[in-house]
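Engineer: If you scroll down you'll find the structure; I have some questions about it.
The values are calculated or read from the model by the stated rules, or taken from the named source; none is laboratory data. Only a predicted model underlies this, so the values are computations on that prediction, with no experimental measurement involved. Cβ atoms come from the backbone with ideal geometry, glycine included; neighbour counts cover every protein chain shown.
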Amino acid sequence: MSLLDIKGIFCGYGNKEVIKDVSFSVDKGDFIGIIGPNGAGKTTLFRAITGVLALDKGSVFYNGVDISDISPRNLAKDMAVIPQIIFMPFSFTVEEFVFMARFAHMDRFQPPSKIDHDAVNEAMSESGVMHLKNRGIWELSGGERQMVLLAQGFAQTPKILLLDEPTAHLDICHQAAIMGTLKKLNKEHGLTVVVILHDLNLASEYCNNIILLSEGKIYKEGGASEVLTYKAIEKVYKTLVIVEKNPLSGKPYIFLVSQQDNKTVV
Amino acid sequence: MNKKILLFLGLLAILGAVIAGAIFYPKIDSQASVIIWQLRIPRIFLAFLVGAGLSCCGVVFQAMLRNSLAEPYTLGVSSGAALGAAMAIMFNFGVFFVTTFSFAGSLATIFLLYLIASRKHFDNNTLILAGVALSLLFSSLVLLLFAIAKKEGVHSAIIWLMGDLSSARPEVIRIVSGFIALGIFILIGLGRDLDIICMGDEKARHLGLNVILTKRIFFIIASLITGAAISAAGIIGFVGLIIPHFARFLFGINHRRLLIASGLMGAAFLILCDTIARTIILPLELPVGVVTGICGGLFFLGLLVKSKKWGSV
């Protein structure tokens, strides 16, 4: 049985249907990348999968149970979601912020147990934010904030982790750090990862499975070399590209063709 | 941290000194002891609860609306409660109904505010502007009520409207203190939920919080406390704004700790303000709302001018 089963879902905002008949399944240990142009419905799909957005049609099953029948608390014990950005009205310390991940695991009137403390500490060192633990969230740089969000996701000790563009606006050092950490947890602890990515090359390099989304539908799904062909990319993104192989990993690597070069090629 | 604790202990010492002074200072004759036990102590007790209650409500509104300018007064909740209470007073209903109406008024205001704000996606400016507008509207309606009534009690009613701890009767204090104390205890118990709510609805849900239910509970309890406080003491503004800011500065943002700290600091602050109001223009008394209003108004302006942009992660 798949960990997460998405069956023919339709959803959107008001009478505007954003996601139209999307089905796929996520198995335990998968590392799935969701790509697609702006407005393709990646974030909306995420909100549907995680039970935030009501579905107009279809259903999402987690471990065989319809996700709308699972209480937020029970779902949070197994599934962590890391959004693109969080507006914080107050400057919690990094440690307090990461500790919130334990909310679903703690009894309301009991102090945090050793398990909670261990999970938080491990998550903070895993994402390299241990040295920031007493700093206020507001004082951090963009890259540090993203790592702290990641630490919060890990501290939730989920079976499945969903991330919405964790590498947006980050330099390549932080991009590599985030994707590397995810890959490590995926391999060593069998953490299932579903991640929305804008950077096609990151998706190619790290994901076992890629879902290419276009106008609310799955355009193509499969391994990097199946999905990331120049034909598919040109069709969906309406942009000329050249696809070569990364000399080290042998995975597809996408080069953008700029307007001037475009003329000489065609 | 040590300095902060010292400062906090200092505040507590002031509170203790004020209480001790009220009890022990004029023990010359029995008349004085009557004043102490029947006037001062109940008044201090009321100030303690109202100050604590309003501060805790400030903490709750600020966390829930994720806006550090939110509090019962700036959101118009206080005025809504006052309108409810004023109606009950005008129609000569009993003490219990004054509190009930006051509670209904504050709950209705929050509901209205929520409706307005949800149309604008809980935009910070909309929320505060709507609050100010509702506040003015309800205050005017209260004045209208008093103007129509033309009873002999109007003067004391207007004093009550400006925030007054002196005129509450013992049975009022008893009912009100029960509501406020109960409310504060529940809030402290739900402190962790309040931390999570700061993350915003969606992330809070992902962390395992039943957001809609929890928000409803918080709105009801905050309305209950505000309603109770206003029905006994009138509109006392800005306590819920100033105190949470100082408490956050001193003790950080962990809401369980913050609620306890804000409660105690708010209590101390209001007792202090009431002492000032009672003594500064002897033999007359100022309504305590005037004192907190002056302190708070200046503080609010300072905050608007100086505050950093709201951070995002």
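Engineer: So residue B:260 clears everything in (1) more than 14 Å from chain A (Cβ to nearest Cβ); (2) part of a helix (DSSP H, G or I); (3) among the β-branched types (Val, Ile, Thr); (4) crowded, with 20+ Cβ neighbours inside 10 Å except one condition, right? Which one?
Structural biologist: The failed condition is (4).
Engineer: Still on this model: Assuming residue A:247 fulfils every condition listed in (1) in contact with a Phe, Trp or Tyr (Cβ under 8 Å, 6 or more places away or on another chain); (2) modelled with pLDDT under 90 apart from one, which condition is it?
Structural biologist: Condition not satisfied by residue A:247: (1).
Engineer: Among the residues of the stretch A:153-193, which ones are within 14 Å of chain B (Cβ to nearest Cβ), at positive phi and surrounded by fewer than 17 Cβ atoms within 10 Å (Cβ to Cβ)?
Structural biologist: A:169
Engineer: Considering every residue within the stretch A:207-217, establish whether at least one is assigned to a helix (DSSP H, G or I), out of contact with any Pro (no Cβ under 7 Å at 6 or more places or on another chain) and closer than 30 Å to residue A:122 by Cβ.
Structural biologist: The answer is no; no qualifying residue exists.
Engineer: Is one or more of the residues making up the stretch B:231-245 in a helix (DSSP H, G or I), in contact (Cβ under 8 Å) with a residue 24 or more places away in the chain, over 28 Å from residue A:103 (Cα atoms) and among the β-branched types (Val, Ile, Thr)?
Structural biologist: Yes, the stretch B:231-245 contains at least one residue that is in a helix (DSSP H, G or I), in contact (Cβ under 8 Å) with a residue 24 or more places away in the chain, over 28 Å from residue A:103 (Cα atoms) and among the β-branched types (Val, Ile, Thr).
Engineer: Do we have residue A:57 as more than 10 Å from every other protein chain (Cβ to nearest Cβ), basic (Lys, Arg) and either crowded, with 22+ Cβ neighbours inside 10 Å or within 21 Å of the chain's Cα centre (by Cα) (or both) here?
Structural biologist: Judged against the criteria, residue A:57 is not a match.
Engineer: For the stretch B:177-204, which residues satisfy the criterion of being at the interface with chain A (Cβ under 7 Å from one of its Cβ atoms) and crowded, with 22+ Cβ neighbours inside 10 Å?
Structural biologist: Answer for the stretch B:177-204, where residues must be at the interface with chain A (Cβ under 7 Å from one of its Cβ atoms) and crowded, with 22+ Cβ neighbours inside 10 Å: B:195, B:196, B:198, B:199, B:203.
Engineer: Moving to a separate point now. Among (1) under 27 Å from residue B:173 (Cβ atoms); (2) at pLDDT 90 or above; (3) of a type outside the set (Lys, Arg); (4) not in a helix (DSSP H, G or I), there is one condition residue B:208 misses while meeting the rest; what is its number?
Structural biologist: Tallying (1) under 27 Å from residue B:173 (Cβ atoms); (2) at pLDDT 90 or above; (3) of a type outside the set (Lys, Arg); (4) not in a helix (DSSP H, G or I), residue B:208 fails exactly one: (1).
Engineer: Sticking with this one: Tell me which residues, restricted to the stretch B:92-127, are modelled with pLDDT under 80, among the aliphatic types (A, V, I, L, M) and within 12 Å of residue B:65 (Cβ to Cβ).
Structural biologist: B:117, B:127 - these are the residues of the stretch B:92-127 that are modelled with pLDDT under 80, among the aliphatic types (A, V, I, L, M) and within 12 Å of residue B:65 (Cβ to Cβ).
Engineer: Pick out the one residue from B:294, B:271 that is more than 16 Å from residue B:229 (Cα to Cα) and of a type in the set (Val, Ile, Thr).
Structural biologist: The unique qualifying residue is B:294.
Engineer: Of these, A:90, A:103, which one is at the interface with chain B (Cβ under 8 Å from one of its Cβ atoms), over 24 Å from the mean Cα position of the chain (by Cα) and not polar (S, T, N, Q)?
Structural biologist: That would be A:90, the only listed residue that is at the interface with chain B (Cβ under 8 Å from one of its Cβ atoms), over 24 Å from the mean Cα position of the chain (by Cα) and not polar (S, T, N, Q).
Engineer: Would you be able to say whether some residue in the stretch A:120-129 is at pLDDT 90 or above and within 22 Å of residue B:190 (Cβ to Cβ)?
Structural biologist: Yes, the conditions are met somewhere in the stretch A:120-129.
Engineer: Of B:78, B:55, B:68, which residue is modelled with pLDDT under 85, under 30 Å from residue B:199 (Cβ atoms) and not hydrophobic (A, V, I, L, M, F, W, C)?
Structural biologist: B:68
Engineer: Tally up the residues in the stretch A:79-118 that are farther than 22 Å from residue A:135 by Cβ, surrounded by fewer than 22 Cβ atoms within 10 Å (Cβ to Cβ) and in contact with a helix residue (DSSP H, G or I) (Cβ under 9 Å, 6 or more places away or on another chain), please.
Structural biologist: 6
Engineer: Please tell me if residue B:243 is within 14 Å of chain A (Cβ to nearest Cβ) and over 21 Å from residue B:103 (Cβ atoms).
Structural biologist: Taking the combined requirement at face value, the residue does not satisfy it.
Engineer: Same structure, new question: Residues that are in contact with a Cys (Cβ under 7 Å, 6 or more places away or on another chain), farther than 28 Å from residue A:162 by Cβ and not hydroxyl-bearing (Ser, Thr, Tyr): does the stretch B:220-232 have at least one?
Structural biologist: yes
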